[in-house]
Amino acid sequence: MITNCDDELRRISREARQALNWAVNMATKVETILEALLMDVQETDILNETQQQLRHICTAENLPKSVMESVISNVAKKFCRLWITWNSSCTKVLLWSQQWIDEPGGDIELREKWDNVIVKNRTLWEKLCGEAVIVEHENEEEEEDQEEPTFPHEFDDYLE
């Protein structure tokens, strides 16, 4: 029985790190897309790969650049809110679960990457919303009632 519990705790610890790595990678992708979209591009400029993909999407879907900017900005806000909300819990889970990870040395690098994501996303939030991030701690009943953010399944295809 104890072995099963230890195995489950190791699995939870691994999955927590996988979720955090996913968030770090997704943050990088969203940041890259947003930067490419908001960059002032002249007709004579050579577009990078992300800018080419964005232009292709706008052309294929007959979308004005302003619509794409709005959509990506709203998605970025949702991710910012999600990651800032995750922040305190992620830090606690990393510390708490170190004893069930075979090589906790990677946690230092992951924690640094995560802290960087949070700093960048607080700045991005302020840029997109024009206000500072204020995180209020909700009670557990409110957290359970809170709706999960939904993202279009196809959106991840554009991030690759």
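The values are calculated or read from the model by the stated rules, or taken from the named source; none is laboratory data. Nothing here was measured: the structure is a model prediction, and the numbers come from that model. In this analysis, Cβ positions are derived from the backbone assuming ideal geometry, glycine residues included, and neighbour counts consider all displayed protein chains.
Got at least one residue in segment 104-115 being buried (at least 17 other Cβ atoms within 10 Å of the Cβ), out of contact with any Asp or Glu (no Cβ under 6 Å at 6 or more places or on another chain) and farther than 30 Å from GLU131 by Cβ?
yes
Exactly one of (1) within 19 Å of VAL117 (Cβ to Cβ); (2) charged (D, E, K, R); (3) at pLDDT below 90 is unmet by ARG17. Its number?
Going through (1) within 19 Å of VAL117 (Cβ to Cβ); (2) charged (D, E, K, R); (3) at pLDDT below 90 one by one, ARG17 breaks only (3).
Can we say GLN42 is surrounded by fewer than 16 Cβ atoms within 10 Å (Cβ to Cβ), part of a loop (DSSP other than H, G, I, E, B) and modelled with pLDDT under 90? It would help to see each step written out before you state the result.
Values: surrounded by fewer than 16 Cβ atoms within 10 Å (Cβ to Cβ): yes; part of a loop (DSSP other than H, G, I, E, B): yes; modelled with pLDDT under 90: yes.
Against the criterion (surrounded by fewer than 16 Cβ atoms within 10 Å (Cβ to Cβ), part of a loop (DSSP other than H, G, I, E, B) and modelled with pLDDT under 90), GLN42 qualifies.
Right, LEU54: under 30 Å from GLU15 (Cα atoms), in a helix (DSSP H, G or I) and either at pLDDT 90 or above or touching a helix residue (DSSP H, G or I) at 6+ places or on another chain (Cβ under 8 Å) (or both) or not?
Considered against the rule, which asks whether it is under 30 Å from GLU15 (Cα atoms), in a helix (DSSP H, G or I) and either at pLDDT 90 or above or touching a helix residue (DSSP H, G or I) at 6+ places or on another chain (Cβ under 8 Å) (or both), LEU54 comes out as no.
Per-residue answers, yes or no, for (1) closer than 23 Å to LEU82 by Cβ; (2) free of Cβ contacts under 8 Å to residues at least 40 places away in the same chain; (3) in a helix (DSSP H, G or I); (4) touching a Ser or Thr at 6+ places or on another chain (Cβ under 9 Å):
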position	(1), (2), (3), (4)
GLN18	yes, yes, yes, no
ASN21	yes, no, yes, no
GLU31	yes, no, yes, no
LEU34	yes, no, yes, yes
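Is it the case that THR91 is assigned to a helix (DSSP H, G or I), modelled with pLDDT under 90 and among the hydroxyl-bearing types (Ser, Thr, Tyr)?
For THR91, the condition - assigned to a helix (DSSP H, G or I), modelled with pLDDT under 90 and among the hydroxyl-bearing types (Ser, Thr, Tyr) - is met.
So VAL75 clears everything in (1) at pLDDT 90 or above; (2) exposed (fewer than 15 other Cβ atoms within 10 Å of the Cβ) except one condition, right? Which one?
Only one criterion in (1) at pLDDT 90 or above; (2) exposed (fewer than 15 other Cβ atoms within 10 Å of the Cβ) is unmet by VAL75, namely (2).
How many of the residues making up segment 62-90 are touching a Phe, Trp or Tyr at 6+ places or on another chain (Cβ under 8 Å) and among the β-branched types (Val, Ile, Thr)?
Number satisfying all stated conditions: 2.
Could you grab the pairs with beta carbons closer than 6 Å, sequence gap of 6+ or different chains, first residue in segment 85-106 and among the aromatic types (Phe, Trp, Tyr), second one part of a helix (DSSP H, G or I)?
Hits for this filter: TRP100/LEU9; TRP100/ARG10; TRP100/SER13.
If you take the residues of segment 1-19 that are polar (S, T, N, Q) and closer than 23 Å to PHE79 by Cα, which of them is surrounded by the fewest Cβ atoms within 10 Å (Cβ to Cβ)? Steps first, please.
Within segment 1-19, the first condition is being polar (S, T, N, Q), and the residues that meet it are 3-4, 13, 18.
Narrowing further to those that are closer than 23 Å to PHE79 by Cα: 13, 18.
Details: SER13: 21, GLN18: 10.
Out of the qualifying residues, it is GLN18.
Does LEU37 satisfy the criteria of being touching an Asp or Glu at 6+ places or on another chain (Cβ under 7 Å), of a type outside the set (Gly, Ala, Ser) and surrounded by 16 or more Cβ atoms within 10 Å (Cβ to Cβ)? Working first, answer last.
Values: touching an Asp or Glu at 6+ places or on another chain (Cβ under 7 Å): yes; of a type outside the set (Gly, Ala, Ser): yes; surrounded by 16 or more Cβ atoms within 10 Å (Cβ to Cβ): yes.
Criteria met by LEU37.
Which of the numbered conditions does TRP100 fail, given that it passes all the others? Conditions: (1) at pLDDT below 90; (2) of a type outside the set (S, T, N, Q); (3) within 15 Å of ALA27 (Cβ to Cβ).
Unmet for TRP100, out of (1) at pLDDT below 90; (2) of a type outside the set (S, T, N, Q); (3) within 15 Å of ALA27 (Cβ to Cβ): (3).
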